1. Looking only at residues that are surrounded by 22 or more Cβ atoms within 10 Å (Cβ to Cβ) and within 21 Å of SER177 (Cβ to Cβ) in the stretch 261-280, which one is nearest to the ligand (Cβ to nearest atom)?
2. Just wondering, is there one or more residues in the stretch 197-218 that are within 16 Å of the ligand (Cβ to nearest atom), closer than 18 Å to LYS258 by Cα and under 18 Å from the mean Cα position of the chain (by Cα)?
3. If you check ILE225, ILE252, which single one turns out to be at pLDDT 95 or above, closer than 20 Å to ALA119 by Cα and either in contact with a Pro (Cβ under 6 Å, 6 or more places away or on another chain) or within 16 Å of the ligand (Cβ to nearest atom) (or both)?
4. Among the residues of the stretch 164-176, what is the count of those that are over 17 Å from the mean Cα position of the chain (by Cα) and either of a type in the set (Val, Ile, Thr) or crowded, with 16+ Cβ neighbours inside 10 Å (or both)?
Amino acid sequence: MIYSRIAGTGSYLPEKFLTNVDLESMVETSDEWITDRTGIKKRHIVASDETTTDLAYYAAKNAISAAELKPRDIDMIIVATTTPTRIFPSTAALVQEKLGIHGCPAFDIQAVCTGFVYALTVADKFIKSGSAKNVLVIGAETLSRIVDWTDRNTCVLFGDGAGAVVLQASAEPGILSTHIHCDGSFNNLLHVPTGPGSAITEDPAYIEMQGNDVFKVAVKTLSKIVDETLEANQLDKHDIDWLIPHQANIRIIAATAKKLSMSMDSVVVTVQDHGNTSAASIPLALDVAVRDGRIKRGETLLLEAFGGGFTWGSALIKF
Ligand code: ACO
């Protein structure tokens, strides 16, 4: 039996960031409102010449060296992103070129904030079927480019960044199970209303969200995915060492922790420093907690996410 395990993690954040106080001079908002409603204090923003590919590449390099591998050892690249550098080729193809390795399959996955969980799921299947040995799985976003900086409902929420893991074939179990879902009937509650294949020609295209409706569905759906994951593995909630949630809102994160009867000390929270970085948020949070020594080998991790689509998903991992 072939299993897959996380051999190394990496992340990258642009240098520039905006604090809540910076935003107070851009839209009618306050540090107090943003902190109380979301938990966010600052978010990193790309420089004008930085691309999603750049962020993904730096995160990937960090993950490859943490796995004690060389770029040539990578035999598949999957990038989860909603903000690809170009319409085509894929950001994964551009990362492959920057890494100087050619020939291995490379493709993007679009599942918005659940993108990393989707990408991890695909990578796990390729490894378990014996088709790949070292898959680079990246979540990378430059959401600041699709945010309307005059809309206080959305511009305070999002940030840029990238996180990555190397998923490796192993004789020991690592990824214990993954669970992914989508319900397209909610597509209008959280979306960018146009795209290159759309009949609507609205330009420029920005994120639009019915925040309060999204919030309610997110809390309910994440509760269900926790049950589904525990049941599939015949685990009790007390068996989880770390919750690594998608970082959209501290109140959504706290609701999932409560459902698991987990203290917030066992939840990796980065939303205060990163904002919502969509597909990048889980691998960024994972890397932060691995590098600061909180997450240790052998511990059981629950990753969960919810986002546009709606999409949602989880991964249970023996680290
Ligand atoms: N500053 C001050 N006031 C604001 C701001 C702001 N930045 N934004 C909104 N408000 C106002 C609203 O206009 C509204 O005012 P009104 O009552 O006079 O109309 C009031 O605050 C309350 O607005 P709500 O939207 O009801 O506030 P809520 O408590 O729901 O918080 C938030 C909004 C933070 C967006 C929350 O709903 C949320 O986090 N939703 C879920 C987001 C999410 O998880 N998205 C999924 C992932 S993202 C992805 O997939 C790309």
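1. Per the stated criteria, the residue is ALA279.
2. If we filter the stretch 197-218 for residues that are within 16 Å of the ligand (Cβ to nearest atom), which is where we start, we get 205-218.
From the residues that got through so far, the ones that are closer than 18 Å to LYS258 by Cα too are 215-218.
Still in the list and also under 18 Å from the mean Cα position of the chain (by Cα): 215, 218.
For the stretch 197-218, residues within 16 Å of the ligand (Cβ to nearest atom), closer than 18 Å to LYS258 by Cα and under 18 Å from the mean Cα position of the chain (by Cα): present.
3. Working: ILE252 fails: closer than 20 Å to ALA119 by Cα.
Answer to the check: ILE225.
4. Residues of the stretch 164-176 over 17 Å from the mean Cα position of the chain (by Cα): 168-174, 176.
Then keep just the ones that are either of a type in the set (Val, Ile, Thr) or crowded, with 16+ Cβ neighbours inside 10 Å (or both); that gives 168-170, 174, 176.
Total meeting the criteria: 5.
Residue by residue, here is whether (1) among the polar types (S, T, N, Q); (2) under 30 Å from SER170 (Cα atoms); (3) assigned to a strand (DSSP E or B) holds:
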{"residue": "MET1", "(1), (2), (3)": "no, yes, no"}
{"residue": "SER4", "(1), (2), (3)": "yes, yes, yes"}
{"residue": "THR9", "(1), (2), (3)": "yes, yes, yes"}
{"residue": "LEU23", "(1), (2), (3)": "no, no, no"}
{"residue": "ILE34", "(1), (2), (3)": "no, no, no"}
{"residue": "ARG43", "(1), (2), (3)": "no, no, yes"}
{"residue": "ASP49", "(1), (2), (3)": "no, no, no"}
{"residue": "TYR57", "(1), (2), (3)": "no, yes, no"}
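The rows are residues; the columns are (1) exposed (fewer than 15 other Cβ atoms within 10 Å of the Cβ); (2) closer than 18 Å to ARG5 by Cβ; (3) away from the ligand (no atom under 16 Å from the Cβ).
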site	(1), (2), (3)
GLU32	yes, no, no
ASP36	yes, no, no
VAL46	no, no, yes
THR52	no, no, no
THR91	no, no, yes
GLU97	yes, no, yes
LYS133	no, yes, yes
GLY139	no, no, no
LEU143	no, no, no
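The values are calculated or read from the model by the stated rules, or taken from the named source; none is laboratory data. Fair warning: this is a prediction, and the values are worked out from it, not measured in the lab. A quick note on method: Cβ atoms are made from the backbone with ideal geometry, for glycine too, and the neighbour counts reach across all protein chains shown.
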